[in-house]
Amino acid sequence: MSAIADLDDRCPAATDGEIAVINLESARRRAWERFRGNPSIAGVAEAVVDLERLATQFLGDLDALDRLEAFAAQFACLDDSFRVPLVQAEVASAVHRFADARDHLARAAEMGGPRDAIERHTLAIDQACGVNLGAVLAARRRLAMVDGRLEDLIPLGALLADLERVAEADAVYGQAFYSYDGISPFPLAWVCFQLGMLWGELAPEPDPNQAALWYQRAIAYLPAYVKARVHLAEIYAVQQRLGDAEALLRPALSSGDPEADWRLADVLIAQGRFQEAEGQLDAARRGFNNLLGRHRLAFADHAAEFYAGSGGDCRRALELARANVANRPTRRAINQAEAIAGRCR
Amino acid sequence: MSDHVDGPRSIGDPAADISDLFAFTSPENSARTVLAVCAFPSAGEDAMFSNVVDYAIAVRRVTVAGVGDAARFQPADDEIRFSFRFQALQRDAAGKVHQRGVGTLPGGRQLRLTVNDEHGASTADGDFRVYAGLRSDPFYLAWIASSLEKVPNLLQHDNVLCIVVEFDTRRVLDPEKGSLFGVIAETVPVPQPPGRIGHPPVRIDWIGRPEQTNVRLNNPGLSGVDDIRDLWNQQTPFAISTVLQPLFLQRLKDSFTDWDLRDGKADWTPEALAANANVFLDDFMLFDVAKPITDESYLEIEKSTIDGHPYRTGGGRTIDANVIDILFTWLVNHDREFLQGGATGATKPGLTRFPYLATPNSELQTVTHAVVLDADPGEVWSAIGSFDLSWHPRVARVRLTGTGLGQLRTMETIDGRTIVERLEAIDDQKRSMRYTSIAGMAASHYTGTLDVKPKGRGSVAEWRVQYLANGQPDIAVKTIVSALQKTGLDSLTARFGVPA
């Protein structure tokens, strides 16, 4: 059996992932050029943010977060409209500085920013922080009802998944997947990844085979999808498909995401290749240290998991898990902190 | 900008974003007609066509169905269609990437294509010849449309993906039955097997006359109006939804009223503005193969018909046609006075030989700065001959990875840019180093050299960078490189002084 399956007939067609990644890079660079040419044109700055976030989300391009922060600072010097705090809020959310993001949104509202955009963003922050979830769910359902767009359905599915309403989440994700009428592989890979998470990690009774199928589809749409490779490799590692896990992780190393180094180290350890594993663990430690120095809140949960496990630093793990809970007290964050506290006691 | 970046859905997959459409008589053979469609604005040098999109050009015979304020053009139901599909990327034995495709021609004949094959592909009988691949963007826009301020060409050094079709006019179009035609191009997802909750495929983008979306429907001079470009892009060409026609028509009337008053003068009667709206609502580019198609004939068929005269030219659109200025002049002052923007041509003019669109912008650009210093070369080299660039005032932080040749430096500049470069060669005796860019610059084939040579009792430090702009106009890259060089070298002048 191959580590990555082909898409079956029920999967919507999309532009080949290799072409899409090449073309995303072109679009991203073009957005920067347009911004440098005339930053005051509506939509230009916002396009930079959108495309840089795509690069982070799908390609594991974590340098995009630095570019975004520099971009927000630069934009603030060039424009004095409500677009600045809206962009700053997007960037702050991207690095999980949710309190800052709320402040920026409040300023955007004072400056007459569009109510709809501010409300949507506030909703996303509430959901990410696990607050007002009843109201968030009602609002998410309302938005999804309006025109059933994939970008409204996926957050609804994610919220239902967080609430462990697995069957409903599965149905919503299914609707998003099968009703997509575009040709970009990015949204389709995203919903496949979410379904992988649902069945692999969030369901009270996980179904690793179902999760693996969805992760495989995500990678089939987008071979460069680093997070999907990492999550699928974790499943393979548990299933003792260590060669397949390694084959998935090797191409992800060039992204610079330390999680790929960490998971590969675990796979190498399981194969008894301790010397190679040590190199990967060093790379993971350097990577997490570097990221935590620049964007502590954005990587607190993943780094906590690393240090609680192969990273071998319980105290730091607990510190990071607690920082994550303080920043976004979701059920998952609390569970993680409790589990790490238990393990490190 | 023509039809560039004209809606959120097409931005989502830029390879399906149509930028332009052309229709003209072959400069090589007047018995042949050329149709060309371009997509993917600001395409990088590796850009490829989507493998799940039909790129199509459709032609219908048209008759003049009314003149003056009743001007109208009636397309026939029959369609002459050229359709192109491309495959996923393939690698040859050397690892080089290729993309291939198939063109389906009128009558159902198929023609295999290799993307970027300069010679294109021809049918055995020579009736059809097709090219697909990257070319210099033939469009030029040298205005800020919202204020009509003249600026240099905003698309200088840009490239686009193009499909060029040349064919025997008589055998394919049969002009004996009528020589006036309307042409459109569109990008449509290839049909999929029905999903469980599936929608039929929806059109991504289409184009008739350039600027329907970005200038006429989404006139930046209209404030507080909805962006209806994606709605327009999903319409069926030659058959705009009758339910939505009033919406689009009203937008065109509002837009044309605004354009007319941009110079503070009303050059149009309300009836003539309405006639323009009606004609432009039927969005297909008109060309007449029995009359001359020149660089100036774009829109002449529509303009003469609206003005109540018989048209004199073949309309159409050549590669070098100044479509934006022709359009602005018509809309703003009814051809009273030609409105010339800030550029008189695209990056490169069109070619007189197939495939007629100029080669992609691929010249290596060079930026060089040098300063003469009041210090001996050894002293200067000891200050700047380390690969870490820590002497440079614009560099906030540097991280080195590895040692010796192949060493990487990851620099963060004080304005937030992250640049990664690799050391390729260093010679302390000759006081010279060479490096290449890995990331952070929108350029490929990027090589920098820094050296210090004796000059009189002092020395000269020279910094040279060569590159190929990739995804950004050359001027944007040049500005960044030039600023880095100048700031760095100026700091040496301050440090070592200038010989008296």
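Tell me, what is the FRET efficiency for A:Ala326 and B:Arg399 to the nearest 0.05, using R0 = 35 angstrom and their Cβ-Cβ distance as r? Display every interim value, and only then the final one.
Values: r = 30 Å, r/R0 = 0.86.
Working from the Cβ atoms, E equals 0.70.
Give the aspartates and glutamates reachable from B:Lys453 as a straight Cα distance under 13 Å; neighbours fewer than 8 places away on the same chain don't count.
Answer for B:Lys453, where 13 Å is the Cα cut-off: B:Asp374, B:Asp376, B:Glu379, B:Asp427, B:Asp428, B:Glu462, listed by chain and number.
Using amide H atoms built 1.01 Å from N in the peptide plane, name the residues 5+ places from B:Gly308, or on other chains, whose amide H lies under 5 Å from its own.
Those lying under 5 Å, H to H, from B:Gly308 are B:Gly68.
How large is the dipole of the protein assembly as shown about the Cα centre if only Lys and Arg carry +1 and Asp and Glu carry -1, each at its Cβ, rounded to the nearest 20 debye? Before the final figure, lay out each step's value.
Numbers: 88 positive and 113 negative charges, 284 e Å.
The calculation lands at about 1360 debye.
Hey, how many Å between the Cα centroid of segment B:64-136 and the Cα centroid of segment A:128-144?
Here the answer is 48 Å between Cα centres.
What nm value, rounded to one decimal, do you get for the distance between B:Glu462 and B:Val190 when each label is placed 7 Å out toward the C-beta?
5.3
Compute the distance from the alpha-carbon center of segment A:273-314 to that of segment B:295-309, in whole Å.
Spelled out, the Cα-based centre of one part sits 68 Å from the other.
At A:Ala106 and B:Arg91, where each label point lies 7 Å from the Cα along Cα→Cβ, what is the point-to-point distance in nanometres?
So the two model labels end up 5.3 nm from each other.
Which net charge results for the neighbourhood of A:Asn290, defined as the other residues with beta-carbon distances under 14 angstrom from its beta-carbon, given Lys and Arg at +1 and Asp and Glu at -1?
Details: positive: A:Arg285, A:Arg286, A:Arg294, A:Arg296, B:Arg397, B:Arg399; negative: A:Asp63, A:Asp66, A:Asp257, A:Glu259, A:Asp261, A:Asp282, B:Glu412.
After counting each charged neighbour, the total is -1.
So what are the ³J(HN,Hα) numbers for segment A:116-124, from phi and the Karplus equation (6.51, -1.76, 1.60; θ = phi - 60°), rounded to whole Hz, Gly and Pro as x?
Couplings: 4, 5, 5, 5, 4, 5, 4, 4, 4 Hz.
How many nm is it between the label spots at B:Glu28 and A:Cys314, if each spot is 7 Å from the Cα in line with the beta carbon?
Rounded to a tenth, the inter-label distance reads 7.7 nm.
Which of the lysines could a cross-linker span from B:Lys291 if the Cα-Cα distance has to be under 28 Å and same-chain partners fewer than 8 positions apart are dropped?
By straight Cα distance, B:Lys291 reaches B:Lys177, B:Lys303, B:Lys348.
Give the long-range amide H neighbours of B:Phe284: residues separated by 5 or more places, or on another chain, with amide H under 5 Å away, using H modelled in the peptide plane at 1.01 Å from N.
B:Arg209
If amide H atoms are built 1.01 Å from N in the plane of the peptide, which residues on other chains or at least 5 residues away come under 5 Å of the amide H of B:Asn116?
Under 5 Å from the amide H of B:Asn116: B:Ala132, B:Gly133, B:Leu134.
Could you size up the charge dipole of chain A around its Cα centre, putting +1 on the beta carbon of Lys and Arg and -1 on that of Asp and Glu, and report it in debye to the nearest 20? Mind dumping the intermediate values first?
Values: 38 positive and 49 negative charges, 142 e Å.
Roughly 680 debye, rounded to the nearest 20.
How far is helix A:133-147 tilted off the main Cα axis of chain A, in degrees rounded to 10, range 0 to 90?
For helix A:133-147, the angle is close to 70 degrees.
Please turn the phi angles of segment B:250-261 into ³J(HN,Hα) values with the Karplus equation 6.51 cos²θ - 1.76 cosθ + 1.60 (θ = phi - 60°), one per residue in order, whole Hz, x for glycine and proline.
5, 5, 5, 5, 4, 5, 5, 4, 5, 4, 4, 8
Where the convex hull is taken over the Cα atoms of segment B:262-383, what is its projected area averaged over directions, in nm²?
Working: hull surface 58.8 nm².
Computing the convex hull of the Cα atoms and averaging its projections yields 14.7 nm².
So what J values fall out for segment B:419-432 if you push phi through Karplus, 6.51 cos²θ - 1.76 cosθ + 1.60 with θ = phi - 60°, rounded to Hz, Gly and Pro as x?
These are the phi-based 3J(HN,Hα) values: 10, 10, 9, 10, 6, 9, 7, 8, 9, 5, 5, 8, 6, 8 Hz.
Measure nothing but the geometry: give the 0 to 90° angle between the long axis through the Cα atoms of A:44-59 and the longest principal axis through the Cα atoms of chain A, rounded to 10°.
Once rounded, the angle reads 10 degrees.
Output the 0 to 90 degree angle, nearest 10, between the alpha-carbon long axis of helix B:323-333 and the longest principal axis computed from the alpha carbons of chain B.
Between the helix axis and the principal axis of chain B, the angle is about 60 degrees.
Tell me, what is the percent relative contact order of chain B, built from C-alpha pairs under 8 Å that lie six or more residues apart?
On the way: 1151 pairs, mean separation 75.1, N = 500.
Relative CO of chain B lands at 15 percent.
Please state, as a whole number in µm²/s, the translational diffusion coefficient that the Stokes-Einstein equation yields for segment B:365-496 at 20 °C and 1.002 mPa s, with Rh defined as the Kirkwood radius across alpha carbon pairs. Don't skip to the end; give the middle numbers.
Values: Rh = 14.9 Å.
Approximately 143 µm²/s, per Stokes-Einstein.
If you add up the charges near B:Gly458, with Lys and Arg at +1 and Asp and Glu at -1, over every other residue whose beta carbon is less than 14 angstrom from its beta carbon, what do you get?
Details: positive: B:Arg431, B:Lys453, B:Lys455, B:Arg457, B:Arg495; negative: B:Asp374, B:Asp376, B:Glu379, B:Glu462.
For residues surrounding B:Gly458, the net value is +1.
Give the peptides A:114-125, B:287-298, B:178-189 in descending order of average Cβ contacts within 10 Å, highest first.
Highest-to-lowest ranking by the protection proxy: B:178-189, B:287-298, A:114-125.
Can you tell which of B:Leu113, B:Leu299, B:Trp232 lies farthest toward the positive end of the dipole of chain B, using +1 and -1 charges on the Cβ of basic and acidic side chains (Lys, Arg; Asp, Glu)?
Checking the options against the dipole of chain B, the answer is B:Leu113.
Roughly how many debye, to the nearest 20, is the charge dipole of segment B:365-496 about its Cα centre, given +1 on each Lys and Arg Cβ, -1 on each Asp and Glu Cβ, and no other charges?
Details: 16 positive and 14 negative charges, 17 e Å.
I would put it at about 80 debye.
Read the figures in this text as sums done on the coordinates, not as results from a lab. Please read all numbers here as calculations on a predicted model, not as lab measurements. Ideal geometry is used to build each Cβ from the backbone, glycine not excepted, and the neighbour counts take in all protein chains shown.
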